[in-house]
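Trainee: Okay, here's the structure, questions in a sec.
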Amino acid sequence: MPSNLEERPYRLYRAGPRGLKAWLRGEEDELQVAPEYRRYRDGRPEGPHRRVTWKRVLLGLLAAVVAWLALSLVLFLISASVQSGGVPSDAQAALASGSNMLTGTDNVLVIGTDQRPKGTHEGGANTSDTRSRSDTLMIWRIGGGVSRRLSIPRDTLVAIPGHGSNKINAAYAIGGPALTIKTVEALTGLKINHVIIINFANFPKFIDAIGGVNVKTGRVCSEISGGAANGGWTLNLRPGTHHLSGIQALTLARTRHNTCNASSNDLTREGYQQQILNAIKSQLLSAHTFFHLPWASWYAPQALRTDMGGFTLLSMFGGAELGGSAPVQILKPTGGVALPGVGDALTVTPQAVRQAVAKLVNG
């Protein structure tokens, strides 16, 4: 008949130590339950493994943090994989080879178009990417401890390869991101390694996931896509620092006409855009972002279209953190001109371009 010799049908007791005074008083030996056989009332064993110590608490917290970071990483890579293929093949072919932006330095071209969401009530608004113009053009030199940016005003008069002189924003409407890359390279003499096209539909979700951003502004009165009354967005800000939601940050980034300040122009808007990027960078290390990291990781790749895969994007975000907050730099025009078929355009001298590029590259 099988039996388990390790199982005892009894409890093991041992005599507790008895002092001399207790023996003289005639007290009997005290029986104590051996620690390995003690039980709580619910039947669970009592022992050292039940004891809570600061080391166990610390290890538990560390394990939770690692699991939280691992979950966020997996979501980021999955989201980046889903978003892959958003940049046309001719644009990818126009790019120079890049490096790991944790150790090397790359030039990333950030493009924001004037495309409006379908269903907008804004008269004459363009809802197709193929006919859009670039509202935002920014070269971001990033990696290896460097983070600098140079914004190029949308109305800057340039030579578009194969299409003569025009405003630089026309390059996107003529030949998409590929021709925009070639035009920026021809203007600056820099090689572009990566391209990012902002997805304005998902951009607010990412901003909200990291808890919003803090941006300092002047007086702002803005209506985008016809304003809130027509299904668009309205933004009214007093001078000072504001904590902006995703929609508010997007509205500010697109504000070109500020009815409260006649001196505001495209250069003002580009300054706000660079402030928003700096604010995002600062917010990434906040407590709010850590507790919402899986959501932020999921929405980050969806806020843009890019040639970069998940791990390259991670190196870019890491390079941004290592490089610190980038100072606002804009390619300032040196004059203006009105051309038939082009309209009012901004002009910039080759010397001014060289100086701005040298500052971008060398600091």
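The values are calculated or read from the model by the stated rules, or taken from the named source; none is laboratory data. Model, not experiment: these values are computed from the prediction. Don't worry about glycine lacking a Cβ; one is built from the backbone with ideal geometry, like all the others, and counts go over all protein chains shown.
Trainee: Taking the condition among the small types (Gly, Ala, Ser), in contact (Cβ under 8 Å) with a residue 40 or more places away in the chain and either assigned to a strand (DSSP E or B) or more than 23 Å from residue 225 (Cα to Cα) (or both), does residue 159 pass?
Mentor: In short, no.
Trainee: Given the criterion under 53 Å from the mean Cα position of the chain (by Cα) and at pLDDT below 75, identify the matching residue among 18, 50.
Mentor: Unique residue meeting the criteria: 50.
Trainee: Return the pair list, or none, for Cβ contacts closer than 7 Å from residues in the range 235-261 that are more than 20 Å from residue 203 (Cβ to Cβ) to residues that are of a type in the set (Gly, Ala, Ser) and modelled with pLDDT of 90 or more, at least 6 apart or on different chains.
Mentor: Correct list of pairs: 239/218; 258/222; 261/218.
Trainee: Among the listed residues 335, 324, 319, identify the single one that is modelled with pLDDT of 90 or more, surrounded by fewer than 19 Cβ atoms within 10 Å (Cβ to Cβ) and more than 23 Å from residue 61 (Cα to Cα).
Mentor: Checking each option against the conditions leaves just 335.
Trainee: Can you tell me which residue is modelled with the lowest pLDDT among those in the range 217-240 that are of a type in the set (A, V, I, L, M) and within 21 Å of residue 270 (Cβ to Cβ)?
Mentor: 224
Trainee: Sort out which residues of the range 197-215 are farther than 22 Å from residue 138 by Cβ and buried (at least 21 other Cβ atoms within 10 Å of the Cβ), and write them in order of number.
Mentor: The answer is 209, and nothing else.
Each row is one residue, and each column tells you yes or no for (1) part of a helix (DSSP H, G or I); (2) over 13 Å from the mean Cα position of the chain (by Cα).
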site: 251; (1), (2): yes, yes
site: 256; (1), (2): no, yes
site: 259; (1), (2): no, yes
site: 264; (1), (2): no, yes
site: 267; (1), (2): yes, yes
site: 270; (1), (2): yes, yes
site: 278; (1), (2): yes, no
site: 285; (1), (2): no, no
site: 294; (1), (2): yes, no
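Trainee: Residue 234 is checked against (1) out of contact with any Phe, Trp or Tyr (no Cβ under 7 Å at 6 or more places or on another chain); (2) not in a strand (DSSP E or B) and fails just one. What number does that condition carry?
Mentor: Only one criterion in (1) out of contact with any Phe, Trp or Tyr (no Cβ under 7 Å at 6 or more places or on another chain); (2) not in a strand (DSSP E or B) is unmet by residue 234, namely (2).
Okay, residues lined up against (1) touching a Cys at 6+ places or on another chain (Cβ under 9 Å); (2) modelled with pLDDT of 90 or more; (3) not in a loop (DSSP other than H, G, I, E, B):
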position	(1), (2), (3)
141	no, yes, yes
174	no, yes, yes
191	no, yes, no
201	no, no, no
207	no, yes, yes
215	no, yes, yes
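Trainee: Which of the residues belonging to the range 338-361 are farther than 17 Å from residue 170 by Cα and loosely packed, with under 14 Cβ neighbours inside 10 Å?
Mentor: 349, 350, 351, 354, 355, 358, 359
Trainee: Can you confirm whether residue 31 is of a type in the set (A, V, I, L, M, F, W, C), over 30 Å from residue 142 (Cα atoms) and at pLDDT below 55?
Mentor: Yes; evaluated as a whole, the condition is true for this residue.
Trainee: Can you go through 218, 246 and tell me which one is of a type outside the set (A, V, I, L, M), surrounded by 16 or more Cβ atoms within 10 Å (Cβ to Cβ) and assigned by TED's automatic domain parsing to the domain that holds residue 280?
Mentor: 246
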